[in-house]
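Student: Dropping a structure here in structure tokens format, bear with me for questions.
Read-outs throughout are calculated quantities, based only on the coordinates presented, and are distinct from any laboratory measurement. Small disclaimer: the values here were computed from a predicted structure and weren't measured. Here the Cβ positions follow ideal geometry from the backbone for every residue, glycine too, while neighbour counts run over all protein chains shown.
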Amino acid sequence: MYFDLKDLFWLSLMALLGLHWWQGQRVKEIALRATRRHCDELDLQLLDDSIGLRALWLKRDDSGRLRWWRAYNFEFTSTGDERYRGRVVTLGDRVESIAVEPHRL
């Protein structure tokens, strides 16, 4: 069985896309755990127990290396009546920030 250059290119591209998706799922899980912990600390309820990818960019970290910058949105409630939005930002596999909208206590 022989592969020509075009087949190797497509095979490599599919492998890289699969690796990128797999790493993205790992980072999403890290961000979700951090969001759950943050909501617990603020006595908030994370709605739907999920976060959704909102933005994806390449940015440099503190050491100058290119990393994937991801922003995830989530919804939470403080009283059970109203929904509020929040945002968690990651750079590479590190959570950079978690922000929540002003909400009722």
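Student: Rounded to the nearest 500 deg cm²/dmol, what is the calculated helix-only ellipticity per residue at 222 nm for the chain, with -39500 (n - 2.57) per DSSP H run of length n ≥ 4?
Tutor: Working: 1 runs with 37 residues, N = 105.
Using -39500 (n - 2.57) per qualifying helix, the result is -13000 deg cm²/dmol.
Student: Relative contact order for the chain: what is it in percent, counting Cα pairs under 8 Å that are at least 6 residues apart?
Tutor: Details: 142 pairs, mean separation 21.8, N = 105.
Value for the chain: 21 percent.
Student: In the stretch 8-105, which GluC sites (Glu not before Pro) are in a loop and have at most 11 other Cβ atoms within 10 Å, using DSSP for the loop call?
Tutor: Numbers: sites: 29, 41, 75, 82, 96; in loops: 82.
Loop-located and lightly packed - 82.
Student: Which of the trypsin sites (Lys or Arg not before Pro) found in the stretch 44-79 are in a DSSP loop and have at most 13 neighbouring Cβ atoms, other than their own, within 10 Å?
Tutor: Working: sites: 54, 59, 60, 65, 67, 70; in loops: 65.
Of the trypsin sites (Lys or Arg not before Pro), the ones in loops of the stretch 44-79 whose Cβ has at most 13 other Cβ atoms within 10 Å are 65.
Student: Turning to a different aspect of this structure: Could you give the dipole magnitude of the chain about its Cα centre, charging the beta-carbon of Lys and Arg +1 and that of Asp and Glu -1, in debye to the nearest 20?
Tutor: Working: 17 positive and 16 negative charges, 78 e Å.
So the dipole magnitude of the chain works out to roughly 380 debye.
Student: Okay, next question. Which of 84, 17, 39 sits farthest toward the positive end of the charge dipole of the stretch 5-100, with +1 on the Cβ of Lys and Arg and -1 on the Cβ of Asp and Glu?
Tutor: 17
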